[in-house]
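In what follows, a structure is listed as structure tokens, so that the remarks can point back to it.
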Amino acid sequence: MLIRKLFKFENAHIVRDCSTQRCSENIHGHSYKVEVLLESNYLDNGQMVYDFGLTKLYIKELVDSFDHAITLWSKDDNAYIKSMKEYSNRWVELPVSPSAEQFSRVIYLMVERILACTNMQNGEREVRLHSIIVHETETGYAQGFEEDAHSELMGKIALEEIVFSEQIRSEWSDPELWEHLLKHQMLVNPKKV
């Protein structure tokens, strides 16, 4: 069984070295739609693969980290990165360029880690991440699967190299959420949301 939860965020970026001049040389923004597709061969005590209400906890918090923020590539020009961090309180720094393709890989790894670190409370079993679809525009999206997220050919992504600004971290229900996930510390789903 496959289920899908849709999240939305507004984000700005530059995608260096792409073919489109406007995209590669100018800060611009998109109204992103992110589809998280989960699957399992089992249903929980509520006859669901995974309660949509539970996705509004840790998954939504991390996806919302990109909302009204600028996403920076750590290999971009140092002066540009420094300036963006100086004039924006909400920023995320990635070890890869913030294309739709790389967003799908990054978000896949984040959600995968959340699921791996979540102590399920309502009979959920073998809930797996099927894929992440990142709609950058109404007509264009990228869909990332496990093999894409972990692909060496597309460039290895280390979660430890993803940096969230202080303001973003302060807005999470637990400002240490990212550190807990990086250390593989267990998160406990509430029995009721």
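The table for this structure:
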| item | result |
| --- | --- |
| Counted residues, the range 72-130 - those being in contact with a His (Cβ under 7 Å, 6 or more places away or on another chain) and among the charged types (D, E, K, R) | 1 |
| Candidates E86, E101, filtered to the one that is of a type outside the set (A, V, I, L, M, F, W, C) and closer than 15 Å to D148 by Cβ | E101 |
| The range 113-129, residues that are buried (at least 18 other Cβ atoms within 10 Å of the Cβ), of a type outside the set (A, V, I, L, M) and not in a loop (DSSP other than H, G, I, E, B) | R113, T118 |
| Residues of the range 151-174 that turn out to be closer than 20 Å to S88 by Cβ and touching a strand residue (DSSP E or B) at 6+ places or on another chain (Cβ under 9 Å), as a count | 8 |
| The range 130-150, subset of a type in the set (V, I, T) and touching a strand residue (DSSP E or B) at 6+ places or on another chain (Cβ under 7 Å), residue surrounded by the most Cβ atoms within 10 Å (Cβ to Cβ) | I132 |
| Single residue of the range 151-170 satisfying the filter (without any contact (Cβ under 8 Å) to a residue 60 or more places away in the chain and surrounded by 15 or more Cβ atoms within 10 Å (Cβ to Cβ)) that is farthest from V111 (Cα to Cα) | M154 |
| Enumeration of residues in the range 52-88 that are in contact with an Asp or Glu (Cβ under 7 Å, 6 or more places away or on another chain) and either within 30 Å of E124 (Cα to Cα) or at pLDDT below 95 (or both) | D67 |
| For V92: the one exception among (1) in a loop (DSSP other than H, G, I, E, B); (2) surrounded by 16 or more Cβ atoms within 10 Å (Cβ to Cβ); (3) in contact with a helix residue (DSSP H, G or I) (Cβ under 8 Å, 6 or more places away or on another chain) | (1) |
| Tally, over the range 95-106, of residues that are assigned to a loop (DSSP other than H, G, I, E, B) and either on the phi > 0 side of the Ramachandran plot or among the aliphatic types (A, V, I, L, M) (or both) | 1 |
| Flag for L177 being touching a helix residue (DSSP H, G or I) at 6+ places or on another chain (Cβ under 6 Å), within 24 Å of S88 (Cβ to Cβ) and surrounded by 14 or more Cβ atoms within 10 Å (Cβ to Cβ) | no |
| Inter-residue pairs, beta-carbon under 7 Å, first over 17 Å from Q167 (Cβ atoms) and in the range 83-97, second at pLDDT below 95 and part of a helix (DSSP H, G or I), 6+ apart | none |
| Residue in the range 96-113 that is over 19 Å from W73 (Cα atoms) and touching a Phe, Trp or Tyr at 6+ places or on another chain (Cβ under 7 Å) present | no |
| Enumerated helices (runs of 4 or more DSSP H) restricted to the range 1-87, each holding at least 1 residues that are surrounded by 18 or more Cβ atoms within 10 Å (Cβ to Cβ) | 52-55, 58-64, 78-87 |
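Here's the yes/no breakdown for (1) of a type in the set (G, A, S); (2) more than 24 Å from D51 (Cβ to Cβ):
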| position | (1), (2) |
| --- | --- |
| R128 | no, no |
| I132 | no, no |
| E136 | no, yes |
| E146 | no, no |
| E152 | no, yes |
| S173 | yes, no |
| W178 | no, no |
| K191 | no, no |
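The values are calculated or read from the model by the stated rules, or taken from the named source; none is laboratory data. Since the model is a prediction, treat every value here as computed from it, not as a measurement. Glycine gets a Cβ as well: all are built from the backbone with ideal geometry, and neighbour counts include every protein chain shown.
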